[in-house]
Amino acid sequence: VTADLVVEQKPVLEWLPMGAPEAENQIISGVYQLEGGRWRWTGPRAAILLKAPAAPSAAEAELYVPQGAAARRVELRVDGRAVAQTALDRPGSYRLRSSGPVAVAGETVTLEIVVDQTFSPPGDHRKLGVILAGAGFRGGG
């Protein structure tokens, strides 16, 4: 007979840099391993669990679209509700941010980054969306 103990860990960060030690515990799905000590590829839908901000704050994600990436649109969702979207019309850095503060209920919140298309470079089986540096809540709006 074996017994497994499952302990729920509550998220501790409102803003989650991908290189933070807490990232592994706050990533739900759709985010690949840490690369370069600072960033991670997303799949078609990346989900992270965050500590809810004490007051309504702007939701945002810091993204990078490399040359050859297929994604052309990205959407930011908070607890399933779209709060920001933009066209990815060129390679480069993007900061996707809600137009104002986002109110959330409860102690935790799920933030999703959803792209319209993915790609797989030769020799890589992963479905890659965009490069994620950090995401969450920063500032009051």
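The values are calculated or read from the model by the stated rules, or taken from the named source; none is laboratory data. Nothing here was measured: the structure is a model prediction, and the numbers come from that model. Backbone-built Cβ (ideal geometry, glycine too); neighbour counts: all protein chains shown. Only protein heavy atoms, including side chains, enter the accessible area calculation; ligands, DNA and RNA are left aside. Shrake-Rupley method; radii C 1.70, N 1.55, O 1.52, S 1.80 Å.
Remarks
- Restricting the range 55-86 to residues that are part of a loop (DSSP other than H, G, I, E, B) and under 14 Å from the mean Cα position of the chain (by Cα), the residue that is nearest to residue 109 (Cα to Cα) is 79.
- Residues satisfying the stated conditions in the range 52-90, i.e. in contact with a Lys or Arg (Cβ under 7 Å, 6 or more places away or on another chain) and open to solvent by 40 Å² or more (accessible area, probe 1.4 Å): 62, 85, 87
- On inspection, residue 93 passes the criterion of being among the polar types (S, T, N, Q), open to solvent by 10 Å² or more (accessible area, probe 1.4 Å) and either at positive phi or assigned to a strand (DSSP E or B) (or both).
- Among (1) among the aliphatic types (A, V, I, L, M); (2) at pLDDT 95 or above; (3) open to solvent by less than 60 Å² (accessible area, probe 1.4 Å), the one test that residue 28 misses: (3)
- For first residues located in the range 17-45 and part of a loop (DSSP other than H, G, I, E, B), partners that are open to solvent by less than 70 Å² (accessible area, probe 1.4 Å) and β-branched (Val, Ile, Thr) and lie 6+ apart or on another chain with Cβ distances below 8 Å form the pairs 18/31; 32/42.
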